[in-house]
1. Of L45, A32, N6, which is farthest towards the positive pole of the chain's charge dipole, taken about the Cα centre with +1 and -1 on the beta-carbons of Lys, Arg and Asp, Glu respectively?
2. Hey, what's the chain come to in accessible area per residue, 1.4 Å probe, Å²?
3. Carbon and sulfur: what percent of region 5-50's accessible surface (1.4 Å probe)?
4. Helix-only mean residue ellipticity at 222 nm, the chain, DSSP H runs n ≥ 4 weighted -39,500 (n - 2.57), per residue, nearest 500. What is it?
5. Evaluate the charge dipole of the chain about its Cα centre and quote only its size in Debye, nearest 20, assuming +1 on the Cβ of each Lys and Arg and -1 on the Cβ of each Asp and Glu.
6. For the chain, state the semi-axes of the equivalent ellipsoid (square roots of 5 times the eigenvalues of the alpha-carbon gyration tensor), sorted largest first and rounded to whole angstrom.
Amino acid sequence: MEQQENEPHRMTNKELFERQKQMLLMFAEKGAISEAYCEQEIRILSEKMHIDTEE
């Protein structure tokens, strides 16, 4: 089924995961969260979203 022009883009789980991951990495880079916490949250997020991060 084709997407209509007026329908919003629906993000895939992988796209949502990548967006969240980039936000966590940015927070770690700015010092808002620790690197360890960032890595932990990325791991938890990937497990909950069933995303394979072994690439």
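The values are calculated or read from the model by the stated rules, or taken from the named source; none is laboratory data. No experiment lies behind these values; they were computed from the predicted model shown. Don't worry about glycine lacking a Cβ; one is built from the backbone with ideal geometry, like all the others, and counts go over all protein chains shown. With ligands, DNA and RNA removed, areas are computed over all heavy atoms of the protein, side chains included. Shrake-Rupley method; radii C 1.70, N 1.55, O 1.52, S 1.80 Å.
1. It is A32, whose Cα lies furthest towards the positive end.
2. Value for the chain: 91 Å² per residue.
3. Whole-percent figure for carbon plus sulfur exposure: 52.
4. Only helices count here, giving -20000 deg cm²/dmol.
5. Computed about the Cα centre, the dipole is about 240 debye.
6. Semi-axes from the Cα gyration tensor: 28, 14, 7 Å.
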